[in-house]
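Input: a single structure, listed below in structure tokens.
The values are calculated or read from the model by the stated rules, or taken from the named source; none is laboratory data. Here the structure is a predicted model, which means the values were calculated and not measured. Ideal geometry is used to build each Cβ from the backbone, glycine not excepted, and the neighbour counts take in all protein chains shown. Keep in mind that these areas ignore ligands, DNA and RNA; they rest on the heavy atoms of the full protein, side chains included. Shrake-Rupley method; radii C 1.70, N 1.55, O 1.52, S 1.80 Å.
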Amino acid sequence: MDFTGKLAVVTGVASGIGRAVALELAAAGATVIAADRDLDGAKRTAELATGAIEPHFLDVTDPAAVLALREDVVARHGAPNVLVNAAGWDRIAPFLDGDEEFWHALVEINYLGQVRMTKAMLEPMLADGGRIVNLASDAGRVGSSGESVYAGAKGGVIAFTKSVAREVARHGITVNCVCPGPTDTPLFAAQPEKIRLALVKAIPLRRLATPEEVAAAVTFFASDRAAFVTGQVLSVSGGLTMAG
Ligand code: NAD
């Protein structure tokens, strides 16, 4: 896939899937605006790149910061061609142990963060079209115990993706989402060992995804090859989820 001359904004680039997406897009010729609340991690991603990656500090829960990033990017580079919303966060806990503060954090990062970034970057994209790819989760398709509110937020991402896809199709903008299953990233490593082992056992292909395997699906949706694909949900989960 060739992204020469394309401008891509990617969140959650300091590690895991977002880092793999940023590296793949940059290697394929894109200029990547790499945003994360972990600036050191984003800088490390830029150091690993074979192409152009510009690291930025961004907390996707901060509406003013999201708009400031948009203004800065558009002023210096023009409208983005691609937005990938990969920033996310989770902590496994029984639903009944959760409280308002925990629920708000999950929804702010995993759902409203993507909504906020999408609105900000869509506006300049309207003139020339573009691609938006959201990271949801298999938890949002089939549920996941210990992740009730996270799964709700990711189910929201899926419904949001389809709805925005309908609204902006006439502008030549596609919006799709990728649902990773258990993937070998710091987010997954932070979950209790018992849960991690049980999940691997349940995966038909009997292993975790690599971040690069998830990135391959993301970059397909972000590419010209997916020009006629919108509002779709693709699981990259070794067969864990075989949802229609
Ligand atoms: P990760 O923890 O490796 O990376 C997530 C990145 O998001 C980190 O760099 C973190 O600093 C950043 N981030 C978190 N909160 C942020 C905020 N408020 N503002 C800006 N950046 C923020 O996780 P990952 O596994 O690479 O996850 C990437 C996406 O894939 C997430 O949306 C996650 O929910 C989803 N996902 C992951 C898995 C998995 O098993 N790893 C499974 C399903 C879905």
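Dipole size of the stretch 171-217 about its Cα centre, with +1 on Lys/Arg Cβ and -1 on Asp/Glu Cβ: approximately 260 debye, rounded to the nearest 20. Could you do me a favour and compute the accessible area per residue for the chain, 1.4 Å probe, result in Å²? On a per-residue basis, 46 Å². Applying 1/(1 + (r/R0)^6) with r as the Cβ-Cβ distance of residue 232 and residue 123 and R0 = 30 angstrom yields a FRET efficiency of 0.80.
Highest GNM mean-square fluctuation among 12, 172, 130, for the chain modelled with Cα contacts below 10 Å: 172.
Rounded to whole numbers, the Karplus 3J(HN,Hα) couplings from phi for the stretch 98-115 are x, 9, 4, 4, 5, 4, 5, 4, 4, 6, 4, 6, 7, 10, 5, x, 6, 4 Hz, using 6.51 cos²θ - 1.76 cosθ + 1.60 with θ = phi - 60°, and x at Gly and Pro. Here the Karplus curve 6.51 cos²θ - 1.76 cosθ + 1.60, taken at θ = phi - 60°, turns the phi angles of the stretch 51-62 into couplings of x, 8, 10, 10, x, 9, 7, 7, 9, 5, 8, 9 Hz, with x standing for Gly and Pro. Close amide-amide hydrogen proximity is noted between residue 51 and 27, each under 5 Å apart and 5 or more residues distant or on a separate chain (H modeled in the peptide plane; Pro and chain starts excluded). Just 46, 127, 151 to compare: in a GNM of the chain, with alpha carbon springs under 10 Å, which one fluctuates most? The residue that fluctuates most here is 127.
Across the stretch 1-116, Cα-Cα pairs more than 16 Å apart make up 59 percent of the total.
How large, in percent, is the carbon and sulfur part of the accessible surface of the chain at a probe radius of 1.4 Å? Write out the running numbers ahead of the final one.
Values: 6260 of 11250 Å².
Reported share for carbon and sulfur atoms: 56 percent.
Gain in length, residue 162 to residue 189, computed as 0.36 nm per residue apart minus the alpha-carbon separation, to one decimal in nm? Could you put the intermediate results ahead of the total?
Details: separation 27, 0.36 × 27 = 9.72 nm, distance 3.01 nm.
Contour length minus the Cα-Cα distance gives 6.7 nm.
3J(HN,Hα) couplings calculated from phi for the stretch 195-201 with the Karplus curve 6.51 cos²θ - 1.76 cosθ + 1.60 (θ = phi - 60°) are, in sequence order, 5, 4, 5, 5, 5, 4, 4 Hz; Gly and Pro show x.
Using a Förster radius of 41 Å, what is the FRET efficiency between residue 169 and residue 99 based on their Cβ-Cβ separation? Nearest 0.05, please. Approximately 0.55, to the nearest 0.05.
Take the Cα of residue 206, step 7 Å toward its Cβ, do the same at residue 91, and the gap between the two points is 3.6 nm. Computed over the chain, the range of Cα coordinates on each principal axis works out to 47, 38, 36 Å, biggest value leading.
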